[in-house]
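Visitor: Pasting a structure here, questions to come.
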Amino acid sequence: MASITRYGQGGSRRTEGSQLSDSQKSVSTVPTLNRRLFALTSERPDKATNSLLAPSLERLKKALDDFLFVSEEKSTLPDPIVVAIKGGWGAGKTYFWKNTVVRKSRGESPGYVSVFGADSMFDIRNKVVVEAMATHDALKGDIKSAVRKKGILRSHMAGIVSFFTRATGLPVLPSGLVSGVLEHYVFRRHWVICIDDVERLSDRVDFEAFLGYVSSLRDDRQVNVVLIYNEAKVVEDKSRRRPFEKYLEKVVDRELVFEPETNEVIRFVFPADIVADKEYARELKRRMDVLDLKNVRILNRVNSFLGEVRRALPNGAVPGFVHAALNSLLLFCWVKFAAEDALRFGITFEFLLGHTFFSAQFLEYVSKSNEERSRETEVKAGRLLEEFGYQHTDDLDRILMAQVRTSILSKEELAQQYSQYTSDAGHRTLHERFNSVWHDLYHGTFDDNEEDFVRALIAATEQILERIGLSSLDSALHTLLRLGRQDEAKALFDKFVELRPGDGWAVDQESLHRQPKYEPLQQLVVERAAKSKVDSRSFEETVDSAFGDDYLSDADLRRLAQFNSSDFINYFQNSNQPSITSKLRHLFRNSQNRRDDAGQTLNALVRETAETLAKLNRMNRLRIESMEIPTSEEAKDEQSQH
């Protein structure tokens, strides 16, 4: 469970002298403007530089207001400009524009179009014209309403032209002149149009022609243009990098780096009550930083899942439960939607389902077996989860994990977990009393109060021994030891072991960010971890887990390697089910290149199973041959060749 931490414990535009094509002329003839270097530079810095130059969202919003929007406070109207907002994938550029800039803008509504899906400059121009009509305050109601409401008008310029000519009495024009006439009629000075997804511009659209059109919107139509794009994706395409770098500088007047800090992202995405709880907001930031997770698209999914959880809970649900749910959802959405990052640490849903504090500690302390690489990955995963504050997967986590994986929340099971959580209020009160001993008698004074502190600490610890977290217990025991109270520490430890035998050792809501300092507790952790590491799943349970994803987890592979060939043969021979042949091929392909003992053992078992099945009848022989699983003899020949 992802626990709640116990807080007590510049320059001018250059001109080119080279000859340009007609499609490029509007780019080259842009009048020279002095650039205000809002992000300190007009160059295209790397990511590390971007993070230093990125203004806060508040400053970014104010800058866009100053650049783009007309207000009563401005004595003169600024010249129309082109502003670029650039940032990484999922950083929240579009979300920021729509929800912060547009929603809070004054005056006429800005327009918004995406160039994604537009196959020609004609399509892009049509999109902009449609948006200009939809946001035009001076248009007659029937025209504006038709543009907003009728899908055919928003997607087909012919429909708009037909409607427009009937409503205005203008003659029907040749298609080549339609966009120009409509632009002249519906564009107005200082209107703002945002053009998004520039990096996804179709290969059929010439980049220079597109930038020339943007330039003409500013210079000929007197329109303010905002370009939103992921610069890294644009320059990945070598064929577009040169025109992008050459002509963008001529067109764009302001470049704003969009890379908000974690605190800003939290305010940006999460509900007001989460943001207002400063103590928890700091903890949320810490966990996001551990995962290096600031992707607004992923965080919006987290917030969506959290909203579903909150709607299933009673009004005024206990904040601690909501926070615990958010902590876990943060981790699970990272595993699913940032899978590449999670896999670098070897973290999958299957790994989390089998994760306990003891398994991580066991791998840290014991010597490594022949499966060294696999164990190193698990240690790496365990360390990250420990830093994040996720000690083990409990029933609430399983409910939330299923919600993220399937998009279905079991509201009945969630209600049961909440009921259990609220019924444990008395235990939380005792934990708070334990924390207050540290707050009041240790951290809150410089008095010589050893006797009072020791007496209060032992009494408070004894009251919560059945549910105390290992970090809290270790702090109490180690402190008593340092004060020369070895006997009191040992008595407390012995009582803990008596109250928490065997499987009763479930780590509660506290996070353990280091190995225990009290040596007897450290040794006990290793012993219990070794016991918890035993995998006792049946063959059927392991097989079901192994076929849950496209890859074979290390835990499933090791467990399958412990069975014998008769288990495999009986299962595949007697289990008529969809794609049963694919499952055998799945096991073979996922074990064939393994060099560890478990991987080679499993691969040999799969080959033996395939060979046995092939001998049963001709149909099976055809099936096995189509899987390209070599027989034992072929495997020997293959090994001898190597």
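The values are calculated or read from the model by the stated rules, or taken from the named source; none is laboratory data. These numbers come from a predicted model, not from an experiment. Cβ atoms come from the backbone with ideal geometry, glycine included; neighbour counts cover every protein chain shown. For accessibility, only protein heavy atoms count, side chains too; no ligands or nucleic acids. Shrake-Rupley method; radii C 1.70, N 1.55, O 1.52, S 1.80 Å.
Visitor: When segment 188-218 is examined, which residues are found to be hydrophobic (A, V, I, L, M, F, W, C) and open to solvent by 20 Å² or more (accessible area, probe 1.4 Å)? Give the derivation first.
Guide: Applying the first criterion (hydrophobic (A, V, I, L, M, F, W, C)) to segment 188-218 yields 191-195, 198, 201, 205, 207, 209-211, 214, 217.
Residue satisfying the conditions is Ala209 alone.
Visitor: Turning to a different aspect of this structure: Hey, does segment 479-487 have a residue that's surrounded by 13 or more Cβ atoms within 10 Å (Cβ to Cβ), assigned to a loop (DSSP other than H, G, I, E, B) and within 37 Å of the chain's Cα centre (by Cα)? Steps first, answer last, please.
Guide: Just the residues of segment 479-487 that are surrounded by 13 or more Cβ atoms within 10 Å (Cβ to Cβ), to begin with: 479-481, 483, 485.
Next, from what is left, pick out any that are assigned to a loop (DSSP other than H, G, I, E, B): 483, 485.
This time we only want the ones that are within 37 Å of the chain's Cα centre (by Cα), so: none.
For segment 479-487, residues surrounded by 13 or more Cβ atoms within 10 Å (Cβ to Cβ), assigned to a loop (DSSP other than H, G, I, E, B) and within 37 Å of the chain's Cα centre (by Cα): absent.
Visitor: Six or more apart or on different chains, Cβ atoms under 6 Å: show the pairs whose first residue is in segment 406-423 and of a type outside the set (Lys, Arg) and open to solvent by less than 90 Å² (accessible area, probe 1.4 Å) and whose second is modelled with pLDDT of 90 or more and not in a helix (DSSP H, G or I).
Guide: From residues that are of a type outside the set (Lys, Arg) and open to solvent by less than 90 Å² (accessible area, probe 1.4 Å), the pairs are Tyr418/Leu313.
Visitor: Quick one: would you say Arg166 is open to solvent by 80 Å² or more (accessible area, probe 1.4 Å), touching a strand residue (DSSP E or B) at 6+ places or on another chain (Cβ under 9 Å) and at pLDDT 55 or above? So that I can check it myself, show each step before the final result.
Guide: Numbers: open to solvent by 80 Å² or more (accessible area, probe 1.4 Å): yes; touching a strand residue (DSSP E or B) at 6+ places or on another chain (Cβ under 9 Å): no; at pLDDT 55 or above: yes.
No, not satisfied.
Visitor: When you scan segment 507-536, how many residues do you find that are open to solvent by 60 Å² or more (accessible area, probe 1.4 Å) and either more than 26 Å from the chain's Cα centre (by Cα) or modelled with pLDDT of 75 or more (or both)? Talk me through it step by step, then tell me what you get.
Guide: Going through segment 507-536, the residues open to solvent by 60 Å² or more (accessible area, probe 1.4 Å) turn out to be 513-515, 517, 519, 523, 527, 531, 533-534, 536.
Checking the rest, the ones that are also either more than 26 Å from the chain's Cα centre (by Cα) or modelled with pLDDT of 75 or more (or both) come to 514-515, 517, 519, 523, 527, 531, 533-534, 536.
Going through segment 507-536 one residue at a time, the tally reaches 10.
Visitor: Here is a list: Glu350, Glu376, Glu386, Glu340. Which entry is exposed (fewer than 14 other Cβ atoms within 10 Å of the Cβ), modelled with pLDDT under 85, assigned to a helix (DSSP H, G or I) and of a type in the set (D, E, K, R)? Spell out how you get there, then give the answer.
Guide: Numbers: Glu350 fails: exposed (fewer than 14 other Cβ atoms within 10 Å of the Cβ); Glu386 fails: exposed (fewer than 14 other Cβ atoms within 10 Å of the Cβ); Glu340 fails: modelled with pLDDT under 85.
Of the residues listed, the single one that is exposed (fewer than 14 other Cβ atoms within 10 Å of the Cβ), modelled with pLDDT under 85, assigned to a helix (DSSP H, G or I) and of a type in the set (D, E, K, R) is Glu376.
Visitor: When the residues of segment 293-323 are filtered to those that are of a type in the set (S, T, N, Q) and open to solvent by less than 50 Å² (accessible area, probe 1.4 Å), which remaining residue is nearest to Gln403 (Cα to Cα)? Walk me through how you get there before you give the answer.
Guide: Step one: list which residues in segment 293-323 are of a type in the set (S, T, N, Q), which gives 295, 300, 303-304, 315.
Imposing the further condition that a residue be open to solvent by less than 50 Å² (accessible area, probe 1.4 Å) reduces the set to 295, 300, 303.
Details: Asn295: 20, Asn300: 15, Asn303: 13 Å.
Across segment 293-323, the extreme among qualifying residues is Asn303.
Visitor: Just to be sure I understand the filter: pairs with C-beta atoms under 6 Å, separated by 6 or more residues or on different chains, first member in segment 450-472 and closer than 27 Å to Gln515 by Cβ and at pLDDT 95 or above, second member outside any helix (DSSP H, G or I) and of a type in the set (Val, Ile, Thr). Which pairs pass?
Guide: Matching pairs, first to second residue: none at all.
Visitor: For segment 467-477, name all the residues that are over 15 Å from Glu488 (Cβ atoms) and either more than 36 Å from the chain's Cα centre (by Cα) or of a type in the set (A, V, I, L, M, F, W, C) (or both).
Guide: Hits for segment 467-477 are Ile468, Leu470.
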